[in-house]
Structure formats: structure tokens, C-alpha cells
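The values are calculated or read from the model by the stated rules, or taken from the named source; none is laboratory data. Computed from a predicted model, the values in this text were never measured in an experiment. Neighbour counts are summed over all protein chains in view; Cβ atoms, including those assigned to glycine, are modelled from backbone coordinates with ideal geometry. What goes into the accessible areas is simple: the full protein's heavy atoms, side chains included, and nothing from ligands, DNA or RNA. Shrake-Rupley method; radii C 1.70, N 1.55, O 1.52, S 1.80 Å.
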Amino acid sequence: MKLPILLLSVVMVACSNDPAPSANSEQAASAAVAALQGSGSASGKDLYAACSACHGANGEGNKALNAPSLTNQQSWYLERQLLGFRSGVRGSHPDDAFGAQMQGIAKTLPDDAAVKSVVAYIDGFKAKPAAATLTGNAKRGADYYSNLCGACHGPNAEGNDKLQAPALAGVDDWYLLQQFDHFSKGIRGSDESDRYGYQMFMMGKTLPDAEVAKDVVVYIQSLAD
Ligand code: HEC
Ligand code: HEC
């Protein structure tokens, strides 16, 4: 009876084409952890110095390191994600290499007050929509978006804090696509204790395939001003 499980995991490994963290990104992660250790009651600005190697001096992100821009997500969402990484609700799945990296860093932030200060500092960056990197059928994406996503993420992908559904417009398209893929495969959100991630895990099954997911993200990107 062990064979089918073994086969299944082989297939899952074969299908997982996510890049593993590069040597550069591993180095940046260790440097950030070292900088945050003993950072005590450092200011948001000082704490953010440990983040800038990956997320950029102005929160603009770095695709080569798989680190998204942080200037188009709402503060409540950034804070909740950091707390999720800290509690292990996000970034614990064995196939979530980048989530694990971010979890290690978030856990080194001294306390919840430090999470608040670093988020307040990020909130001061000027929001600049991330540049489009994908092409696809935005019209087809729009149909799927309004039927399946808009109720929570808002008609203009501006987010809805009552539902804890984040803004998506302006966030890196490659990142949204990767996160959607992770939700659909259960790499993110499949643990029922992840109250909000679990909702997205269920939604991850609603788009027929990766091409449609790309069209939806291309449409979302077109909503950024
Ligand atoms: C070694 C590079 C690296 C450093 C340093 C780093 N991050 Fe990250 N961060 C990442 C990566 C990679 C992801 C994407 C994780 C994933 O794919 O789930 C991420 C994701 C995030 C997210 C989730 C964003 C979203 O929309 O889902 C937040 C919030 C975040 N980082 C904040 C920070 C803060 C604050 C710091 C400094 C205390 C920091 N990061 C330092 C690499 C880094
Ligand atoms: C039932 C409400 C709901 C619906 C419908 C929904 N979402 Fe979400 N979505 C959420 C919530 C809540 C989160 C935050 C998850 C978390 O905290 O980990 C989220 C997060 C996301 C993220 C991660 C963003 C980031 O920066 O980390 C993406 C991408 C996303 N949704 C895409 C979609 C797409 C595409 C659709 C339509 C197919 C959709 N969502 C439909 C509630 C919803």
C-alpha cells in the first residue's frame, strides 16, 4: 500500500518547477537574520535595513531573489503575513522554500512591536505599481476575475479589509501568479488553522489551468494605476 503514496510524491516533485533559493538569496537571508538578532527596540527604519537586501531600499522588490515589492499591499496585510510567518502558519510546507526563508527572517524580528514598526516604515514608501512582466489574454482574465475573485478582492483588485482579502493591483504579477500556484497546490494555505490562507486554498482550485491563472493576473496588473 505504500507504493501509490511514493508514486504520488515522485509526481509532485517532478511537477514542482519552483526555483530553489540561489546562493545569493541564502546569503542575504543569513545576513538579515544576523542583523536582526539582538536588534532589541530598534526603529522601523533600522529594522528595515535587514529587509532591503531582498525587498529593495524603497520596497521595490527583487525578482532575481523572488522577493516581491511591498509598496502596494495594505499595512494590515503585511503585518498579518509577518505574524503568520512568525507563528509558522505560512512558510512551513516542505515545498515552500521561499516561504521558509521569509519565515526564518520574520521569526528573528524581536517581537510584535518590531513587526508593527517595520510595517509602519514600509507604509511610508511611495506606492509605485510593479511593472508588468507577463503577457496574456486580459479580456478572458477579466471574465474570470469578475466571476470568481472580485467579490473578495474588490472590483478593481483594491482589496477588502473586512474580508482580509488583500489588494492585488500593483503587486508584482510574477509574484501573484506564483502565490496563486502555491495556493492551488496546497503549498500555501492548505492548513485549516490558516484561516484566511485556507479560503484562498479553496479558491486556488477554481481556475481551470495555469494559462487562465496567467490571464487573470495579466488583467489584475492592468488595473494598477
Ligand atoms: C533573503 C531575502 C529576504 C529578506 C532579507 C527579507 N525577505 Fe521578505 N520575502 C522574501 C521572499 C523570497 C518572499 C516571498 C515568500 C513566498 O514566496 O511565499 C518574501 C515575502 C515577504 C512578505 C509577504 C508579502 C506578500 O504579499 O505575500 C512580507 C510582508 C515580507 N517578505 C516582509 C519582509 C520584511 C519586513 C523583512 C525584513 C525584516 C524581509 N521581508 C526580509 C525574501 C526576503
Ligand atoms: C472568499 C474570498 C476570496 C476570493 C473569492 C478570492 N480570494 Fe484571493 N485571497 C483571499 C484572502 C483572505 C487572501 C489572504 C490569504 C492569506 O492571508 O494568506 C487572499 C490572497 C490572495 C493572493 C496572495 C496575495 C499576496 O500578496 O500574498 C492572491 C494572488 C490571490 N488571493 C488571488 C486570487 C484570485 C486570482 C482569485 C480568483 C480566482 C481570488 N484570489 C479569489 C480571499 C479571496
Treating the beta-carbon of each Lys and Arg as +1 and of each Asp and Glu as -1, no other charges, what is the dipole magnitude of the chain about its Cα centre, to the nearest 20 debye?
100 debye
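Just from its helices, what would the mean residue ellipticity at 222 nm be for the chain, if runs of 4 or more DSSP H residues each count -39500 (n - 2.57) and the sum is divided by every residue, rounded to the nearest 500 deg cm²/dmol?
Helix contribution divided over all residues of the chain: -15500 deg cm²/dmol.
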Let's see if you can work this out: charge +1 on each Lys and Arg Cβ, -1 on each Asp and Glu Cβ, no other charges. What is the dipole magnitude of the stretch 22-123 about its Cα centre, in debye to the nearest 20?
60 debye
ALA165 long-range amide H proximity, modeled H, under 5 Å
ASN160
Percentage relative contact order, the chain, counting C-alpha pairs under 8 Å, at least six apart:
20 percent
Computed over all unlike Cα pairs, the Kirkwood hydrodynamic radius of the stretch 138-222 in Å stands at 12.6 Å
Counting only protein heavy atoms, what percent of the accessible surface of the chain is carbon or sulfur at a 1.4 Å probe?
58 percent
Distribution of pairwise C-alpha distances over the stretch 22-123, 5 Å bins, in %
2, 14, 25, 29, 22, 7, 1
Hydrodynamic calc, the chain: Kirkwood Rh from Cα pairs, then Stokes-Einstein at 20 °C with viscosity 1.002 mPa s, so D in µm² s⁻¹ is 118 µm²/s
Excluding ligands, DNA and RNA, what is the solvent-accessible area per residue of the chain at a probe of 1.4 Å, expressed in Å²?
53 Å²
For a quick check: with amide H placed at 1.01 Å from N, whose amide H comes under 5 Å from ASN62's, ignoring anything fewer than 5 positions away on the same chain?
ALA67, SER69
Please compute the net charge surrounding VAL171, taking Lys and Arg as +1 and Asp and Glu as -1 over other residues with Cβ under 14 Å from its Cβ.
-3
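Kindly identify the stretch 23-65 as rounded, prolate or oblate by the Cα gyration tensor criterion: order the square roots of the eigenvalues as a ≥ b ≥ c, call it rounded if a/c is under 1.5, otherwise compare a/b with b/c, prolate if a/b is larger, else oblate.
Oblate.
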Anisotropy class of the stretch 105-163 from Cα gyration tensor, a/c 1.5 cut
prolate
